[in-house]
Amino acid sequence: MSTTAECVNVGVVGCGYWGPNHVRVFSELDRAHLCACADLSLGRLARLARRFPHARMLPDYHHLLDDPDIQAVVIATPTDTHATLVREALEAGKHVLVEKPLCTNGTEADELLHYADACGLVLMVGHVFLFNAGILKLRELIEGGTLGRIHYLDAVRTNLGPIRGDVNALFDLGAHDISIFNFLLQGVPTEVSAVGNRITQTRVEDVCFATLRYPDGTLGHIHVSWLNPRKVRTLTVVGERKMAHWDDVNPVDALQVFDKGIDEAPHYDSFGEFHYLVRSGDTHLPAIRRTEPLLKQAEAFVAWVLDGTPCAADAASGRDVVAVLEAAVESMRRQGVSCPVKIHEPHLVSTA
Ligand SMILES: NC(=O)c1ccc[n+]([C@@H]2O[C@H](COP(=O)([O-])OP(=O)(O)OC[C@H]3O[C@@H](n4cnc5c(N)ncnc54)[C@H](O)[C@@H]3O)[C@@H](O)[C@H]2O)c1
């Protein structure tokens, strides 16, 4: 087992549906050593043990946190457990990569962010789309001015399942879109209005529609549902100069850029008829080198831990996403009225 700065020893807590993907990517990295996996389910651990015989399989994650040879922990347990597990991992002196969303409320998010900072530990959030080649290309196009000023973004993320019980569809699925919007626009919305419906259960919404307003007036709309016949992962970005459409489940033309827009300001002619000139030019397919975003995210975490190189999926961006989600929940509770996004200040933070 390596303990040098050339390689980081990693443990994964939570090996249900998603955790085994982290186990796989960390076991593939040259600069990481997958040491241990923890899960409450012995059956899941037994299945993983067959694929990863060199990793210790632990039914109690405290044994993983108590191991001084493990420097970093990936947390892939249900969202409502994140705050407790992240806090415990930081207290045990581990660097943490926690699955999205960081936790379930802004106050907790702030506390974790500041606690990690005070301890000098990395706290990264698994906003995996910030490592998606299509989203990175979109960011490049926006930053370079190709699309012009962004008028609005429209995201759809639907499928049939997996249905969650701990958080609603906006926390589970919309967290991705909020992180993408904030990353593309390099900002945080000031207000959110959202509505949702509880269909399969009484505690959380299975379908949500949320509208985010950014400080410069740009709008972001999100439709998420785990009760839908089709798997859709799309994002439309409408800019002043060009428009783009990203389809993550399209393996060939994931990103399209349209030379479409309005060329002249609308005007009335002498007969009082309304005129405008639409431009419908070429469609461009930017070359995107497909890479596995989860692997890129793991590499970024290792680089941050070993080399001190921070990345966009930091705790502050994770906190911002939670603050937007919290405002959306408040809006849903109040039948869709617009609610302010509050970026919380930390309560008492102690490293003792
Ligand atoms: N980035 C993505 O695209 C993506 C995709 C799916 C899920 N996720 C996130 O991953 C997290 C887990 O989702 P999932 O679908 O794998 O859930 P899941 O319910 O399938 O798995 C969670 C696992 O955590 C284990 N667990 C719970 N409490 C534990 C504890 N105290 N100690 C050890 N193990 C514990 C459970 O036994 C279970 O095996 C969620 O935060 C979810 O939002 C992210």
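What follows draws every value from the coordinates through simple rules; no lab data is involved. On a predicted model such as this, the values are computed, not experimentally measured, just so you know. Here the Cβ is made from the backbone with ideal geometry for all residues, glycine too, and neighbour counts use every protein chain on show.
Laid out as a table, the results:
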read-out	value
Highest to lowest packing among 244-250, 192-198, 278-284, scored as the average C-beta count within 10 Å	192-198, 244-250, 278-284
For the chain: relative contact order, % (alpha-carbon pairs under 8 angstrom, 6 or more apart)	19
Label-point separation, ALA303 to VAL278 (7 Å along Cα→Cβ), nm	4.2
Distance between modelled label sites at VAL232 and GLN256, nm, 7 Å Cα→Cβ extension	1.5
Convex hull of Cα atoms in the stretch 151-272, direction-averaged projection (nm²)	10.5
Net charge of neighbours whose Cβ lies under 13 Å from the Cβ of ASP69, counting Lys and Arg as +1 and Asp and Glu as -1	0
Violating pairs (Cα-Cα greater than 24 angstrom) within the set LYS242/LYS342; LYS100/LYS231; LYS137/LYS242	LYS242/LYS342
Under 12 Å, Cβ to Cβ, from GLN256 - net charge with Lys/Arg +1 and Asp/Glu -1	-1
Length added when fully stretched, ARG334-ALA265, from 0.36 nm per residue minus Cα-Cα	21.0 nm
Per-q log10 I(q)/I(0), the chain, q = 0.12, 0.13 Å⁻¹ (Debye; single scatterer per alpha-carbon; no solvent)	-0.91, -1.05
DSSP beta bridge pairing in the chain, given as percent antiparallel to the nearest 5	60
Estimated FRET transfer efficiency when R0 is 22 angstrom, pair ARG47-ALA118 (beta carbons, to 0.05)	0.05
Sum of side-chain charges, ILE142 neighbourhood, beta-carbon under 12 Å (Lys, Arg +1; Asp, Glu -1)	+2
Ordering of 46-56, 223-233, 97-107, 297-307 by packing [mean C-beta count within 10 Å, highest first]	97-107, 297-307, 223-233, 46-56
Helix axis angle, 106-119 relative to the chain longest principal axis, alpha carbon, degrees	50
Per-bin percent of Cα-Cα distances, the stretch 13-128 [10 Å]	14, 49, 31, 5, 0
